[in-house]
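One structure is given here, and the rest of the page talks about it.
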Amino acid sequence: MHIQVLKSKIHRARLTQTELNYVGSITLDFLLMEASNLIENEKVQVLNLQTGARLETYVIQGPAGSGMVCLNGPAARLAEVGDTVIILSYCSLDFEAAKIFKPWVIFPDENNKLVR
């Protein structure tokens, strides 16, 4: 049996940009992607703490060190610059492996920089 478990989490990032006239996705600072073990085109769930919106999209790599967290396309209508978001991805694991699996969880600061 396989179950879905949390793989990666960026906890409380701040939305820096929205781009309505774009195909779709969320653009993330490459350093945030790397630290949270996310890859380009990976499916993610984005939770908006201000509006309660929950949406699914995929990741596009942004410039490293930029602090960029940008909702693109229709998702841009579900948030405003400055909103706090939680970005999650999941993986499918064997039930026994899932019991010991540890997800990558990061807590960026108010400028989306990694806190060490």
Q) How large is the helix-only mean residue ellipticity at 222 nm for the chain, computed as the sum of -39500 (n - 2.57) over DSSP H runs with n ≥ 4, divided by its residue count, in deg cm²/dmol to the nearest 500? A) -2500 deg cm²/dmol
Q) Considering the chain as a Gaussian network with a 10 Å cut-off on Cα pairs, which listed residue, 83, 94, 29, attains the greatest mean-square fluctuation? A) 94
Q.
Please compute the Kirkwood hydrodynamic radius over the chain, one decimal place, Å, based on all pairs of different Cα atoms.
A. 14.2 Å
(Q) Run the count for the chain, please: Lys pairs, Cα-Cα under 18 angstrom, 8 or more apart or on different chains. (A) 7
Q) Given R₀ = 25 Å, FRET efficiency for residue 17-residue 58 by Cβ-Cβ distance, to 0.05? A) 0.90
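Every read-out reported here was derived from the displayed coordinates using simple, explicitly stated rules and does not represent laboratory data. Just so we're clear, the structure is a prediction, and the values are computed from it rather than from any experiment. Counting neighbours? That spans all protein chains shown, and the Cβs are built from the backbone with ideal geometry, glycine included.
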